[in-house]
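*Asks:* Mind looking over this structure? Questions follow.
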Amino acid sequence: MELAAFNQLSADEAQAAIRHCVAIPHWQQSLVAARPFDTLDALRATANALARQWQRPELEAALSAHPRIGERANGADKEAALSRGEQSAMQQADSALQQAMQQGNQAYETRFGRVFLIRAKGRSGEQMLAELERRLQNSDPAEQQEALDQLREITLLRLKETIQ
C-alpha cells in the first residue's frame, strides 16, 4: 500500500491495514492517530518512537500472536502467513536442527516463562538456534529488553513491507 492511500483510509481501515504488524492495539491506534505522514521516514520514525515505549505488558500481548520458532503458524490471516514466510529457514531445516530448536524453546520457556522471540526473516535456522542458546544466558531484565528489541524489529519490518 502506498503512504498516500494509508493516510486516506478511515481510522478503522488504517488500523486493519497494520494489525498484522503487531498484536498491540494501542500501538496500532496511536500510529493511525498520528496520520497524515508526509514521508515514509516520518511514518517509520513515529512507529519506532511508539514501539520504544513498550514494556512487559506489550511484550506479553504481542507474544500471544507469535508461534514458537520452528512451529508452523496456523490460520489464514495475514499475520500467520507472514510468520510462515519469516520462519521458512527453520521449516526447511533438517530434523536434528528442528529438534535442537524445539529443545531450546522448551528450555527458554522454562527459564523465562514466555515464547522465544526473534526476527527470523533473513536468519538461517543455525543462526536462530545460536541466538536462542546465547540468550538463555541473559538475566531476566536483559532478556526482556532483547525480546522487546526483536519485537520492534519484526513490527517495523512488517510495517515497511506493508506501506511503501
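The values are calculated or read from the model by the stated rules, or taken from the named source; none is laboratory data. Being a predicted model, the structure only gives us computed values, none of them experimental. Here the Cβ is made from the backbone with ideal geometry for all residues, glycine too, and neighbour counts use every protein chain on show. In case anyone asks, the SASA skips ligands and DNA or RNA and just uses the protein heavy atoms, side chains included. Shrake-Rupley method; radii C 1.70, N 1.55, O 1.52, S 1.80 Å.
*Asks:* Quick one: which residue in 71, 79, 60 is open to solvent by 20 Å² or more (accessible area, probe 1.4 Å), in a helix (DSSP H, G or I), modelled with pLDDT under 75 and of a type in the set (Asp, Glu)? Full working, then the answer.
*Replies:* Working: 71 fails: in a helix (DSSP H, G or I); 60 fails: modelled with pLDDT under 75.
Going through 71, 79, 60 in turn, the sole match is 79.
*Asks:* Confirm whether residue 25 is closer than 30 Å to residue 140 by Cα and surrounded by fewer than 16 Cβ atoms within 10 Å (Cβ to Cβ). If you could, list the steps in order and put the result at the bottom.
*Replies:* On the way: closer than 30 Å to residue 140 by Cα: yes; surrounded by fewer than 16 Cβ atoms within 10 Å (Cβ to Cβ): yes.
For residue 25, the condition - closer than 30 Å to residue 140 by Cα and surrounded by fewer than 16 Cβ atoms within 10 Å (Cβ to Cβ) - is met.
*Asks:* Taking residue 37, is it open to solvent by less than 40 Å² (accessible area, probe 1.4 Å), outside any helix (DSSP H, G or I) and at pLDDT 95 or above? Working first, answer last.
*Replies:* Values: open to solvent by less than 40 Å² (accessible area, probe 1.4 Å): yes; outside any helix (DSSP H, G or I): yes; at pLDDT 95 or above: yes.
Yes, satisfied.
*Asks:* If you don't mind, there's one more thing I want to ask. So residue 90 clears everything in (1) open to solvent by less than 10 Å² (accessible area, probe 1.4 Å); (2) of a type outside the set (Ser, Thr, Tyr); (3) assigned to a helix (DSSP H, G or I); (4) at pLDDT 75 or above except one condition, right? Which one?
*Replies:* Just one mismatch for residue 90, condition (4).
*Asks:* A further question on this structure: Output the residue which, of all residues in region 124-148 that are touching a Lys or Arg at 6+ places or on another chain (Cβ under 8 Å) and without any contact (Cβ under 8 Å) to a residue 60 or more places away in the chain, is least open to solvent (accessible area, probe 1.4 Å).
*Replies:* Selected residue: 143.
*Asks:* Quick check on residue 51: is it farther than 14 Å from residue 159 by Cα and either small (Gly, Ala, Ser) or over 16 Å from the mean Cα position of the chain (by Cα) (or both)? Even if it seems obvious, please write down each step before you answer.
*Replies:* On the way: farther than 14 Å from residue 159 by Cα: no; either small (Gly, Ala, Ser) or over 16 Å from the mean Cα position of the chain (by Cα) (or both): yes.
Here the answer is no, as residue 51 does not meet what is asked.
*Asks:* Oh, and also: Within region 1-14, which residues are open to solvent by 30 Å² or more (accessible area, probe 1.4 Å), of a type outside the set (A, V, I, L, M) and closer than 18 Å to residue 29 by Cβ?
*Replies:* Within region 1-14, the first condition is being open to solvent by 30 Å² or more (accessible area, probe 1.4 Å), and the residues that meet it are 1-2, 4-5, 7-13.
Going one step further and asking which of them are of a type outside the set (A, V, I, L, M), we end up with 2, 7-8, 10, 12-13.
Across region 1-14, the qualifying residues are 7, 8, 10, 12, 13.
*Asks:* Kindly establish whether residue 153 is of a type in the set (Asp, Glu), in contact with a helix residue (DSSP H, G or I) (Cβ under 7 Å, 6 or more places away or on another chain) and either buried (at least 18 other Cβ atoms within 10 Å of the Cβ) or modelled with pLDDT of 95 or more (or both). Break it down stepwise before answering.
*Replies:* Values: of a type in the set (Asp, Glu): yes; in contact with a helix residue (DSSP H, G or I) (Cβ under 7 Å, 6 or more places away or on another chain): no; either buried (at least 18 other Cβ atoms within 10 Å of the Cβ) or modelled with pLDDT of 95 or more (or both): yes.
So residue 153 fails the test.
*Asks:* Only one residue in 120, 107 is open to solvent by less than 40 Å² (accessible area, probe 1.4 Å) and either more than 22 Å from residue 61 (Cβ to Cβ) or at pLDDT below 95 (or both), so which one is that? Steps first, please.
*Replies:* On the way: 107 fails: open to solvent by less than 40 Å² (accessible area, probe 1.4 Å).
Going through 120, 107 in turn, just one is open to solvent by less than 40 Å² (accessible area, probe 1.4 Å) and either more than 22 Å from residue 61 (Cβ to Cβ) or at pLDDT below 95 (or both): 120.
*Asks:* For region 125-164, how many residues are over 17 Å from the mean Cα position of the chain (by Cα) and in a loop (DSSP other than H, G, I, E, B)?
*Replies:* 5
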